[in-house]
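Nothing in this text is a laboratory measurement; each read-out follows from the coordinates by a stated rule. Keep in mind that this is a model prediction, so the values were computed, not measured. Neighbour counts are summed over all protein chains in view; Cβ atoms, including those assigned to glycine, are modelled from backbone coordinates with ideal geometry.
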Amino acid sequence: MRIHVCFADLKTEPWVEGLRSALPQAEIQAWTPGAAQADHAVVWAPPQQFLDEQPRLKGIFNIGAGVDALLKLRLPPEAVVVRIDDGGMAVQMAEFVCHAVIRHFRELDGYEADVKQGKWSFRRPRERSDFPVGIMGLGVLGQRVARAVGHFEFPVLGWSRMPKALPKVRCFAGDGQFGDFLAATRILVCLLPLTPGTQGIMNAKNLSRLKPDGYVINVARGAHLVDDDLIALLDSGRLAGATLDVFQTEPLPPEHPFWRHPRIAMTPHTSARTLRDESIAQIAGKLLALERGEPIAGVVDVERGY
């Protein structure tokens, strides 16, 4: 069994070494143009040339949860695309979102600004029941975030394309219930996969449906958000603020107005990073199961995009 590792802008050597340890029976190498045909590939943003040269691939294992960039390429006709279910990202995402929710709810950004000006200030405590947190996307990451937010006793809502039932989460599904979900949400968290149907989903129309003084947390993809619509809603006072970790263009261009907006907190796409050792163990297990003809989790429906 031959496996190629093909990454854009990432070091392949540690992954090749880790995969060799996990799969000693396999021949594993970093891909170079013209390399021999492989049975499987472990990839991140591979070039089209790689896929064109490897028409016999049976499995393409993406080292991240998002596969939108991969699905834009021409894929080998028989290949199964498999994404990472977690790879250590779920707990990181839960940490990040809870931090953003609590920072906004407790007005810690306001206290920080006052301290910088030498002010000893007081703000009246707010009720958690007034800050329902709505999570768009209830996959592995979304479900972990929902549990974590619920631990802090915020009301938790969830929306997904297909109906789901989660403990202590008020679940909505499909286009028919999307408006009701938004209307019941004050803090909106985006954890959706990026597909043609979700691109630009956080636009003026949808964000205006949130409860008054709504707050936006985007940790999915920058293309989910219409940047100009967010700025207009913040400037008008319709939205209270936003925490953004992902952007239409990364790195964010220095002239982009997000850098200077007083109601936007930003981080450089760092809400959750793939942990190599956990991911290698998961990929190795899935690859062996696929070779045995067994069902595996994380298989991507190419038509749906996730």
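The charge dipole of region 16-109, taken about its Cα centre with unit charges on the Cβ of Lys, Arg, Asp and Glu (plus for the first two, minus for the last two), comes to roughly 120 debye.
A cut-off under 14 angstrom between Cβ atoms defines the neighbours of residue 299, and their net charge, with Lys, Arg +1 and Asp, Glu -1, is -1. Calculated translational diffusion coefficient of region 89-266 (25 °C, 0.890 mPa s; Stokes-Einstein with Kirkwood radius over alpha-carbon pairs) equals 148 µm²/s. 3J(HN,Hα) along region 203-217: 10, 4, 4, 6, 5, 6, 7, 5, 4, x, 6, x, 9, 10, 10 Hz, from the Karplus curve 6.51 cos²θ - 1.76 cosθ + 1.60 with θ = phi - 60°, whole Hz, x for Gly and Pro. Between residue 17 and residue 276, the distance separating the two model label sites (each 7 Å from Cα on the Cα→Cβ line) works out to 0.7 nm.
About the Cα centre of region 89-266, what is the dipole size in debye to 20, counting +1 per Lys and Arg Cβ and -1 per Asp and Glu Cβ, all else neutral? Could the numbers behind the result be given before it?
Working: 22 positive and 18 negative charges, 119 e Å.
Dipole size: approximately 580 debye.
For residue 58, the residues whose amide H sits under 5 Å from its own are 40, ignoring neighbours fewer than 5 places away on the same chain, with H placed 1.01 Å from N.
Over the residues of the chain, the helix contribution to mean residue ellipticity at 222 nm works out to -9000 deg cm²/dmol, using -39500 (n - 2.57) for each DSSP H run of at least 4. For the chain, a simple Cβ point-charge model (Lys and Arg +1, Asp and Glu -1, everything else neutral) yields a dipole of about 880 debye relative to the Cα centre.
If amide H atoms are built 1.01 Å from N in the plane of the peptide, which residues on other chains or at least 5 residues away come under 5 Å of the amide H of residue 30? Placed amide hydrogens put 5 under 5 Å from residue 30.
Placing unit charges on each Cβ (+1 for Lys and Arg, -1 for Asp and Glu) gives region 58-121 a dipole about its Cα centre, and among 108, 93, 81 the Cα reaching farthest toward its positive end belongs to 81.
Here's the picture: charge each Lys and Arg Cβ at +1 and each Asp and Glu Cβ at -1 in the chain, and of 174, 34, 237 the one pushed furthest to the positive end of that dipole is 237.
Taking every DSSP beta bridge that has both ends in region 128-236, the antiparallel portion is near 0%.
Sorted largest first, the principal axis extents computed over the alpha-carbon atoms of the chain equal 65, 41, 31 Å.
Kirkwood hydrodynamic radius (Cα pairs, Å) of region 24-180?
Details: mean 1/r = 0.0517 Å⁻¹.
The answer is 19.3 Å.
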